[in-house]
């Protein structure tokens, strides 16, 4: 059986707090604009898989912990 997930709220702010890293520090580390990360936190943008993996690696967290995940009840 295949599982389909829906992305919920972005949890980047919580992961940054747990890691003790300021948003600006993450932006500098990953060479991305701070505004791009703020858009993700504000749920105005969904981060790319590449960015999500880079963030998870930098913050030493699981990539799945960057968003609330819910199982979709959609059947195919």
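In table form, for the structure just shown:
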read-out: Total residues in the stretch 22-37, condition touching a helix residue (DSSP H, G or I) at 6+ places or on another chain (Cβ under 7 Å) and either assigned to a helix (DSSP H, G or I) or closer than 16 Å to residue 62 by Cβ (or both); value: 8
read-out: Looking only at the stretch 43-55, and only at residues there that are surrounded by 13 or more Cβ atoms within 10 Å (Cβ to Cβ) and touching a residue at least 24 places away in the same chain (Cβ under 8 Å), the one that is farthest from residue 8 (Cα to Cα); value: 54
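We did not get these values from a lab; they are worked out from the coordinates using the rules stated. Predicted, not measured: the structure shown is a model, and the values here were computed from it. Positions of Cβ are generated from backbone atoms using ideal geometry, with glycine treated the same way; all protein chains shown enter the neighbour counts.
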